[in-house]
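The structure under discussion appears below in the form of structure tokens.
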Amino acid sequence: MARRKKIYEGKAKILYEGPEPGTFVQYFKDDATAFNAEKKATIEGKGVLNNRLSEFFMKGLGQIGVPTHFLKRLNMREQLIRQVEIIPLEVVVRNFAAGSMSTRLGLAEGTPLPRPIVEFCLKDDKLGDPLVSEEHIIAFGWASQQDLDDMIALALRVNDFMSGMMLAVGIKLVDFKIEIGRVWDNDFQRLIVADEISPDSCRLWDIETGQKLDKDVFRRDLGSLTDAYTEVARRLGVLPSNVTHATKPTPIN
Ligand code: TMP
């Protein structure tokens, strides 16, 4: 059998050439990294959970009219996606202070924000994905003013959808990161949600107990990441049939 052409390998996913032009196959690895890959582990079952959860969120977004790259799930670890030109920015939306915002501004984690705040970080691992302003984005040509307006509108729609989905299962959406890509339909360009939406790229806290159900469990050594992601999947009714429960992360470096 011919090997598939690998297009790109990131920290948590691999992109392969898809079966038709304009498509890719996105493979979810079990690898977890934090702090710009200073901390690494393989967490059995994470890729399977994130494949299912990203499918669930992207499908739901599609159903309310928010365009995404998701086409269909192929198997436990792979999904067929639309090929996009990724805008080199991470779009972060925050509802409550946490993580780098808490550190930067001296706000206690969990402080409610007056309104959802959208931040942009330049996607550049060598620089540690620095926070950038809209001025930087326009001046350096990473995106146009129209793109920025569209990205903010998309990000806020994703925020409303994700906040509601999570609230329904007793989880607070503290913040999240998405990536956005360009697609062309004939000569018409539009922006769609790409990459993944999963507990790797969100902060999710149990509403009652405050228990963290996201990648902070790994970043901060708070217990089993698989158990946390399985709990999110279970509450949302997206549990895959044969996920193995990993106990301890296995170091890979
Ligand atoms: P931060 O507080 O570390 O800036 O993270 C904000 C949100 O973005 C949080 O939900 C985690 C997510 N995130 C990623 O998905 N990838 C990253 O590389 C980083 C730093 C954060």
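The values are calculated or read from the model by the stated rules, or taken from the named source; none is laboratory data. Since the model is a prediction, treat every value here as computed from it, not as a measurement. A quick note on method: Cβ atoms are made from the backbone with ideal geometry, for glycine too, and the neighbour counts reach across all protein chains shown. For accessibility, only protein heavy atoms count, side chains too; no ligands or nucleic acids. Shrake-Rupley method; radii C 1.70, N 1.55, O 1.52, S 1.80 Å.
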### Task
Kindly state which strands (runs of 3 or more DSSP E) lie completely within region 35-133 and contain at least 1 residues that are among the acidic types (Asp, Glu) and under 29 Å from ASP227 (Cβ atoms).
78-82, 89-96
#### Entry: Which listed residue, of VAL193, VAL174, is hydrophobic (A, V, I, L, M, F, W, C) and either more than 10 Å from the ligand (Cβ to nearest atom) or in a loop (DSSP other than H, G, I, E, B) (or both)
VAL193
## Note on the structure
Note on region 72-104: residues without any contact (Cβ under 8 Å) to a residue 24 or more places away in the chain and buried (at least 17 other Cβ atoms within 10 Å of the Cβ) are ARG73, ALA97
### Task
State all residues of region 194-224 that are in contact with a Pro (Cβ under 7 Å, 6 or more places away or on another chain) and open to solvent by less than 10 Å² (accessible area, probe 1.4 Å); if no residue qualifies, say none.
LEU213, ASP214
### Top-ranked residue of region 1-30 - restricted to ones that are touching a Phe, Trp or Tyr at 6+ places or on another chain (Cβ under 6 Å) and outside any strand (DSSP E or B), ranked as nearest to ASP195 (Cα to Cα)
GLY18
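Tell me the residue from ASP147, ASP125, ASP129 that is in contact (Cβ under 8 Å) with a residue 12 or more places away in the chain and open to solvent by less than 20 Å² (accessible area, probe 1.4 Å), please.
Working: ASP125 fails: open to solvent by less than 20 Å² (accessible area, probe 1.4 Å); ASP129 fails: open to solvent by less than 20 Å² (accessible area, probe 1.4 Å).
Only one candidate passes the filter, namely ASP147.
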